[in-house]
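The values are calculated or read from the model by the stated rules, or taken from the named source; none is laboratory data. As the structure is a computational prediction, the values presented were derived from the model and not from experiment. No Cβ is skipped: glycine too gets one built from the backbone with ideal geometry, and neighbour counts run over all protein chains shown. The protein model used for the area step is the full one, side chains on, heavy atoms only, and it has no ligands, DNA or RNA in it. Shrake-Rupley method; radii C 1.70, N 1.55, O 1.52, S 1.80 Å.
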Amino acid sequence: MKTYPFTQLHTDPKRLFTQVIQTNHTLEVTIHPHQSVIILSKRRYEQLLALNYLWSAGALSPVLSQLNHPK
């Protein structure tokens, strides 16, 4: 994950947001030394929501096990 200071986000947000969308990687923007926000693409957000749903339904572990040990 790349980290940028808020001032850089302010100067060229379109380039940074486009990079997040194209690479599907997250971007950390620091506001203060111990305060930051994470920017992620909608696609990555939807993937995380799906994983969270599987985990909360108790289905993530069996799915991962099946992926690691296919029959």
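Structure data summary
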quantity	calculated
Estimated FRET transfer efficiency when R0 is 25 angstrom, pair Gln35-Met1 (beta carbons, to 0.05)	0.95
Sulfur and carbon atoms: percent of accessible area, the chain [1.4 Å]	61
Cβ crowding within 10 Å averaged over residues, with 14-25, 51-62 ranked highest first	14-25, 51-62
Mean accessible surface per residue for the chain, computed with a 1.4 Å probe while every protein chain stays in place, in Å²	83
Dipole moment magnitude, nearest 20 debye, the chain about Cα centre, only Lys, Arg, Asp, Glu C-beta charged	200
Most to least accessible of Glu28, Glu46 (protein chains only, probe 1.4 Å)	Glu46, Glu28
In Hz, Karplus ³J(HN,Hα) per residue of region 58-65 (6.51, -1.76, 1.60; θ = phi - 60°; x = Gly, Pro)	x, 9, 5, 4, x, 5, 5, 4
